[in-house]
Structures are given as structure tokens and as C-alpha cells.
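There's a structure below that I have some questions on.
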Amino acid sequence: MFTRDRPTILVPGDSGLVVWQETRHKNLTLSDYLASNYVKTHEGPFSPQEQIALSLLGRRYTSMVDLEIVQKLSNMAQTYHAEPLLRFARDVRPNDLKYSNVVLIGSSETNPWSQMFQGAMNFVLTKDQQRTLYTIENRHPAAGEPARWLSDPADRLKTAYCEVSYLANPSGAGNVLVLEGTSMAGTECAWEFISNQERLRQFLKLAGWKGHQTPHFEALLRTSNLGGNAATSTIVAWRIDGHPAS
């Protein structure tokens, strides 16, 4: 992800979006996020709750988990003599992602830019704002896999999911890393997986990859949300670009 000849952009989530979507009980699309249509298309006066959410939306908030990941990525970049660029999600534009290496932190609920790459994903994480229920859609289930996985915040087992997607950028000349989860613990789980070189090596071996370079892949993991922190995670399913699912 870090090279001298290509910039790497780190994009933490926009936490104000979470409050706004939960208040409105409606997901926000990337196109609406770019055009600020979430405000322009509102009909009638704002309720007190919506006014609070709107004030938060106008500020630049992100989670501590996202900031910790940014800090660790920045430290990692130094070992490659690279200087990553930090961008708040609201300041990113499509052209920024075409030719750069990019790390998107957070699900589409906090980082709508992940929607730009969902067409290339097999595992797609969405949230039902009406029921506050997370769904990970399995677009092309392999043998024995379900069509979807569900994560309910009210679940007494506190089950959370995370997805790590390592994909090609739109130009095909760089890479995009998407770290997303059904909670902050899920996002933390995604980072812990991708930053652990030994575990990544074991995963690729399990998946039957025999190449020397890390391929583009998706990995779905399950963990538990313990006080906002991720417990030990388990690999649930995966896909490797150009390698049949098994």
C-alpha cells in the first residue's frame, strides 16, 4: 500500500453521518453525500433530534478507532519511506481514488466511499436503519455458505462482523484497502487482521494461495464486541481474485 511513486490516501469515517442516518432512519448514498442532498431534499422543519444530528453533521468527527488505525498506518508508512495523505471523507473526490493507493476506514454508514467499490465485492455490508440490523450479503455463495450473515446490536452474544477488502483501484494501477465492520469493534477486528503479517500468511495458505505477492482478496471475520473492543476473531468466508471459492 505504500510506495514512493504513488501517494496513499488514508480516509477515516465521518461519524456525524451515523447520527444523521439513525435519526432519519435512512441510509445515505455516495451521490447524496457528495452533493449534500441529505439536507437539500429534506421536507418541512427539522425536529429537535434532527437539528442536533445536523449540527454534528456539519462538524468533522471521527472515531478513536479510526484515528488509531490512521496513526498505526502512518507509522507503518515510515518504514517504506512514504508519507501518506490524510483526508476527511467529506473532502475526498472520485478522482482522488482513481490513481492513488487508498485505505478506507469504516463501513458505508460512516464512510460512503466504500460504496464506490461494492460492485467489485462479493461480501457487501449494509445496515437496515429501521431495524438497526446489519446484513452482510453473500452475492455468490460457495458450497455450504449462507446467502447472508446478520448482526444485531441487541444480540446478547455481542456478535460483530468485519470485512477486509483488498481491491484494485479504478485505474488498475493502484490498490484500495477497505476496513469495515458492523461496529467499532468490527473495524478494529479488520485492522488487527490485516496488520498481523503472520495471520495474513496463514489465511492465504488456508485459502490455497501459492503466489509470492499478496493477491486482491476479501475476508469476512466474526468477533465479539466486548465493551467496544474486538475479542478473538474467526475467519468465516473469503474470496481471492482469480482463485475459485472453495
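The values are calculated or read from the model by the stated rules, or taken from the named source; none is laboratory data. Keep in mind the model is a prediction, meaning the values are calculated, not measured. Counting neighbours? That spans all protein chains shown, and the Cβs are built from the backbone with ideal geometry, glycine included.
Only one of Thr110, Thr214, Thr132 is surrounded by fewer than 20 Cβ atoms within 10 Å (Cβ to Cβ), of a type in the set (Ser, Thr, Tyr) and over 24 Å from Tyr99 (Cβ atoms). Can you tell me which?
Checking each option against the conditions leaves just Thr132.
Another question, then. Tell me, yes or no, whether the range 221-239 has at least one residue that is at positive phi and either surrounded by 12 or more Cβ atoms within 10 Å (Cβ to Cβ) or modelled with pLDDT of 95 or more (or both).
yes
In addition: Among the candidates Ala77, Ala142, single out the residue that is over 29 Å from Leu57 (Cβ atoms), out of contact with any helix residue (DSSP H, G or I) (no Cβ under 8 Å at 6 or more places or on another chain) and surrounded by 14 or more Cβ atoms within 10 Å (Cβ to Cβ).
On inspection, the qualifying residue turns out to be Ala77.
Every residue, every condition in (1) in contact with a Ser or Thr (Cβ under 9 Å, 6 or more places away or on another chain); (2) at pLDDT 90 or above, yes or no:
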{"residue": "Tyr61", "(1), (2)": "yes, no"}
{"residue": "Glu68", "(1), (2)": "no, yes"}
{"residue": "His81", "(1), (2)": "no, no"}
{"residue": "Ala89", "(1), (2)": "yes, yes"}
{"residue": "Asn95", "(1), (2)": "no, yes"}
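Can you confirm whether Met1 is assigned to a helix (DSSP H, G or I), farther than 22 Å from Ala160 by Cβ and either out of contact with any helix residue (DSSP H, G or I) (no Cβ under 9 Å at 6 or more places or on another chain) or among the hydrophobic types (A, V, I, L, M, F, W, C) (or both)? Talk me through it step by step, then tell me what you get.
Values: assigned to a helix (DSSP H, G or I): no; farther than 22 Å from Ala160 by Cβ: yes; either out of contact with any helix residue (DSSP H, G or I) (no Cβ under 9 Å at 6 or more places or on another chain) or among the hydrophobic types (A, V, I, L, M, F, W, C) (or both): yes.
It is false that Met1 is assigned to a helix (DSSP H, G or I), farther than 22 Å from Ala160 by Cβ and either out of contact with any helix residue (DSSP H, G or I) (no Cβ under 9 Å at 6 or more places or on another chain) or among the hydrophobic types (A, V, I, L, M, F, W, C) (or both).
Let me ask something additional. Considering only the range 28-51, I want to know if a residue exists there that is under 20 Å from Leu179 (Cα atoms), under 14 Å from the mean Cα position of the chain (by Cα) and of a type in the set (Val, Ile, Thr).
Checked against the condition, which is being under 20 Å from Leu179 (Cα atoms), under 14 Å from the mean Cα position of the chain (by Cα) and of a type in the set (Val, Ile, Thr), the range 28-51 yields no hits at all.
Looking only at the range 5-59, filter to residues that are among the polar types (S, T, N, Q) and within 24 Å of Phe117 (Cα to Cα); which one of those is modelled with the highest pLDDT?
In this case the residue turns out to be Thr8.
Going through Ser55, Ser74, Ser107, Ser31 one at a time, which residue ends up being part of a helix (DSSP H, G or I), of a type in the set (Gly, Ala, Ser) and closer than 25 Å to Ile136 by Cβ?
Ser31
Still on this structure: Kindly list the number of the only condition in (1) within 30 Å of Ala173 (Cα to Cα); (2) surrounded by 18 or more Cβ atoms within 10 Å (Cβ to Cβ) that fails for Gln71.
It is condition (2) that Gln71 fails.
Please state which of the following conditions Asn27 fails to meet, knowing it meets all the rest: (1) within 30 Å of Gln130 (Cα to Cα); (2) buried (at least 18 other Cβ atoms within 10 Å of the Cβ).
Exception for Asn27: condition (2).
Out of all the residues in the range 164-185, is one or more among the aromatic types (Phe, Trp, Tyr), over 19 Å from Val11 (Cβ atoms), modelled with pLDDT of 85 or more and under 18 Å from the mean Cα position of the chain (by Cα)?
For the range 164-185, residues among the aromatic types (Phe, Trp, Tyr), over 19 Å from Val11 (Cβ atoms), modelled with pLDDT of 85 or more and under 18 Å from the mean Cα position of the chain (by Cα): absent.
Consider only pairs whose beta carbons are under 6 Å apart and that are at least six residues apart or on different chains; among these, list those whose first residue lies in the range 52-78 and is more than 29 Å from Ile194 (Cβ to Cβ) and whose second residue is among the polar types (S, T, N, Q).
Pairs found: Ala53/Thr23.
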